[in-house]
1. Provide a whole-number value for the mean count of partner chain Cβ atoms within 10 Å of the Cβ atoms in peptide A:266-274.
2. What's the magnitude of the charge dipole for chain A around its Cα centre, counting Lys and Arg as +1 and Asp and Glu as -1 at the beta-carbon? Answer in Debye, nearest 20.
3. How would you order B:14-21, A:209-216 from highest to lowest mean count of nearby Cβ atoms within 10 Å?
4. Sort region A:3-370 into rounded, prolate or oblate with this rule: let a ≥ b ≥ c be the square roots of the eigenvalues of the Cα gyration tensor; rounded if a/c is under 1.5, and if a/c is not under 1.5, prolate when a/b is larger than b/c, oblate otherwise.
5. For chain B, report the convex hull volume of the alpha-carbon atoms normalised per residue, in Å³, without decimals.
6. So, R0 is 22 Å and r is the distance between the beta-carbons of B:R11 and B:D75; what FRET efficiency does that work out to, to 0.05?
7. By count of other Cβ within 10 Å, fewest leading, how are A:S67, A:S351 ordered?
8. On average, how many beta carbons from a partner chain sit within 10 Å of the beta carbon of a residue in A:54-63?
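Nothing in this text is a laboratory measurement; each read-out follows from the coordinates by a stated rule. Keep in mind the model is a prediction, meaning the values are calculated, not measured. Positions of Cβ are backbone-derived with ideal geometry, glycine not excepted, and every protein chain shown enters the neighbour counts.
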Amino acid sequence: MSSARVLVGTRKGAFVLTSDGKRKKWDVSGPHFAGWEIYHVAASPADPDRLYASQSSGWFGQVIQRSNDGGKSWAPVGNKFTYDGVPGTHQWYDGTAHPWEFKRVWHLEPSLTDPDTVYAGVEDAALFRSSDGGQNWEELSGLRQHGSGPRWQPGAGGMCLHTIILDPVNPNRMYIAISAAGAFRTDDGGKSWLPINQGLKSQYIPDPNAEVGHCVHKIAMHPSRPDVLFMQKHWDVMRSDNAGDLWHEVSGNLPTDFGFVVDVHAHEPETVYVLPIKSDSEHYPPDGKLRVYRSRSGGNEWEALTKGLPQENCYVNVLRDAMAVDSLDTCGVYFGTTGGQVYASSDAGDSWEAIVRDLPAVLSVEVQTLS
Amino acid sequence: MIRVVLPHHLRTLAQVGGEVQLQVDGEATPRAVLDALEARYPMLRGTIRDQVTQQRRAFLRFFACQEDLSHEPVDVVLPRAVASGEEPLMIVGAIAGG
């Protein structure tokens, strides 16, 4: 019988939630790594028992944890993230040149085929890869050494590489996104990178159509159509039908097109989910109503999903890595809030319930579909 | 043996309780003690001093014999009482944050 396992990273530890395929009763284990910030917990698609977690602290720096038994036990692995060569500089908030400095790992993306290979997106923005289960890390420095690198600058949350998408068809192609540099694609396994920001318009930067400088919050792809990408930008929900070569806006009738998360239904590539947030000045849902919006047409026409979600006095945020979908027969959708709730829908968003609440602020949510 | 007191989170990470006791060959300096600590507990690498620069992390302090040794050179000889194990070297996390 199929089941689901939800991996939750929070400001004060990690939690693992498990349920059978009905997804009505959930067991909660944790906190793992109590008191540490867990930016991301990710599972290998090639071995469901292999998990990786990014554990960090303002006091003690970065630790990477690995589990070989589905999260029952963990062990620290390598945490040495050294930029390749002379790191150089990027732009600082005041426009001055600032040296690249490693701060933390925001996102871990295990290989689609090899449990020992995993990618790490870090702050200050760079992409690292381990091929030995996280023991050793090497930078794919072609990204950071792209000619635009000295012009990249941090968003308010730091200059983080937060999205890594591996193309399931073309193993040499992957996508990454950086706040606030934009999106990039490699077609040669990470040696060289192309900015893919054409069509993005960001009114908050000097040239709204610039090659780089866009604050991309998240990108999602359906594995059956790897050339179709959906993006939640700082403002604007965007879509590309040609692997990021050109984007067009699909915000349509959303109440606000600011937000952080975006994801795609596991079985319907044109069904997309976002969670609108009022504005970059007020990081909470419009009108105090927590609403997921679903488009069944690949964008532009959106419906509010509210059943089971608080519709008054709700002022939480949902951060960029805090939405996920499972691939059970009726697609499950999950998201976590800065108020410590994890909401789940076992009917593709029609209805929701909190499967755990009162956790520390949720930073990330991933889900595994287990057979 | 040199005694080292770790902050709570590093005791958890290293899976040790109370003090750590270390054999340090040669003169007992902060660098030598940290080298011995990281050799015995590799999971602590990078958590007390930066892996690349070897600089002490900003929110950690080294105390011993009621003195703050944090700003001493890393090759300064630690007090005799620390070298003899009479007093511990305390690695202390800043009382800050939420």
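1. Whole-number average of other-chain Cβ neighbours for A:266-274 is 0.
2. For this selection, approximately 640 debye.
3. Packing proxy ranking, top to bottom: A:209-216, B:14-21.
4. Rounded, since a/c falls under 1.5.
5. For chain B, the hull spanned by Cα atoms encloses 103 Å³ per residue.
6. Values: r = 26 Å, r/R0 = 1.20.
Plugging the Cβ-Cβ distance into 1/(1 + (r/R0)^6) gives 0.25.
7. Ordered by Cβ neighbours within 10 Å, fewest first: A:S351, A:S67.
8. Taking the mean over all residues of the peptide, I get 6.
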